[in-house]
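The values are calculated or read from the model by the stated rules, or taken from the named source; none is laboratory data. Note that the structure is predicted; figures quoted are calculated from it, not measured. Quick reminder, even Gly has a Cβ in these numbers, built from the backbone with ideal geometry, and neighbours come from all protein chains shown.
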């Protein structure tokens, strides 16, 4: 089995030999190996995979803290995961260690097992392991920021170093000039297949001309070139510069990239791009980034709208012009009614979270809003909260109810 995580049996100096370790926790070691664990030594502490400490005996508190100090030299902000068992003072040692970890403003968790066949605790371990794998995946991510965030995003312009420290991804700055140069090098022949997919899949084409559509596909090809050049996992684009300078839009390009599991955010909004990346990795869902355009306090409903939407999450779509400018291509999609989760990361240190569940009531076609529109009725919170304590403009929508799963991850990994 592929190694998913490491584990270190931690025992007191009174345990002199490996036979004694195996007698106490040998069955636990085998159980951990069955779910992808590998026993680590000090030489493995640099390994960028999750680590669990198997508390073999008591009298290990100081030793574990030393291990963790060494681990922190290489892996930052990793929650300390302790596996305790019923004998040899494993549990009291774990309690003492976690108390100290929390005193030091670090995160940690104890998994108490009644035995190596304790399905409940191993289910908890599997869930924690997935959460940790998402954390480690985020640490490996490279977000390309093409241009700077749009001027109006005054609350959505985080320091890239803060983003990296709190959430993990590295921001790679890329000039808009480089993007425009890449756009000029696109071979017209390279757009044929994706152009046909876009056009043939549309229910209707209204305002855009063939030239508009071709230029939109060229933006997609150009962004792919930038992604490959800088080895990016994610991208966010100051897309209104394309409208002003190139008389085209990035609406299709960003939607298509997201459908290809390359999360792509609009307007250089790093906060929303990060939010989409997080939900994609944790939930395996395609997210949608949109403006909260209207709300109704009496009905506890909210209209979301944007000129781009991944085609994989809509029933059908019409190709329209971009709403604000009337040029290029926007996507007017119909999203199926049903359960959804809405969220927004925010705060100066990106450590705040607005997270609610709701139901899509209907899709819209107002000519006064961005092209894709849905009305969502909130079922877990009041829409008034957006007016009283907003974290910013754009919200992220994912299908299904995932509030508990998202909040648990955020609480264990981010809310320091």
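A few comments on the model shown:
- Conditions (1) outside any helix (DSSP H, G or I); (2) surrounded by fewer than 16 Cβ atoms within 10 Å (Cβ to Cβ); (3) at pLDDT below 95: number failed by residue 123: (1)
- From the options 200, 216, residue that is touching a residue at least 40 places away in the same chain (Cβ under 8 Å) and either surrounded by fewer than 24 Cβ atoms within 10 Å (Cβ to Cβ) or part of a helix (DSSP H, G or I) (or both): 216
- Tally, over segment 307-325, of residues that are under 17 Å from residue 336 (Cβ atoms) and not in a loop (DSSP other than H, G, I, E, B): 6
- Candidate set from segment 34-70 (those that are more than 16 Å from residue 89 (Cα to Cα) and without any contact (Cβ under 8 Å) to a residue 24 or more places away in the chain); member that is nearest to the chain's Cα centre (by Cα): 69
- Residue match in segment 43-57 (condition: farther than 19 Å from residue 168 by Cα and either part of a helix (DSSP H, G or I) or at pLDDT below 95 (or both)): yes
- Residue check for residue 113: without any contact (Cβ under 8 Å) to a residue 60 or more places away in the chain, surrounded by 16 or more Cβ atoms within 10 Å (Cβ to Cβ) and touching a strand residue (DSSP E or B) at 6+ places or on another chain (Cβ under 8 Å): no
- Residue 179 meets each of the listed conditions (1) out of contact with any strand residue (DSSP E or B) (no Cβ under 7 Å at 6 or more places or on another chain); (2) assigned to a helix (DSSP H, G or I); (3) closer than 22 Å to residue 266 by Cβ; (4) touching a residue at least 40 places away in the same chain (Cβ under 8 Å) apart from (1).
- Scope segment 357-390; condition surrounded by fewer than 20 Cβ atoms within 10 Å (Cβ to Cβ) and farther than 19 Å from residue 300 by Cβ; matching residues: 365, 366, 367, 368, 369
- Selection of segment 79-105 for residues being within 20 Å of residue 412 (Cβ to Cβ), free of Cβ contacts under 8 Å to residues at least 40 places away in the same chain and surrounded by fewer than 18 Cβ atoms within 10 Å (Cβ to Cβ) yields 95, 99, 100, 102, 103, 104.
- Scanning segment 71-92 for residues that are at positive phi and under 23 Å from the mean Cα position of the chain (by Cα) yields a single hit, 77.
- Residue within segment 4-16 that is assigned to a helix (DSSP H, G or I), surrounded by 14 or more Cβ atoms within 10 Å (Cβ to Cβ) and either at pLDDT 95 or above or within 31 Å of the chain's Cα centre (by Cα) (or both) present: no
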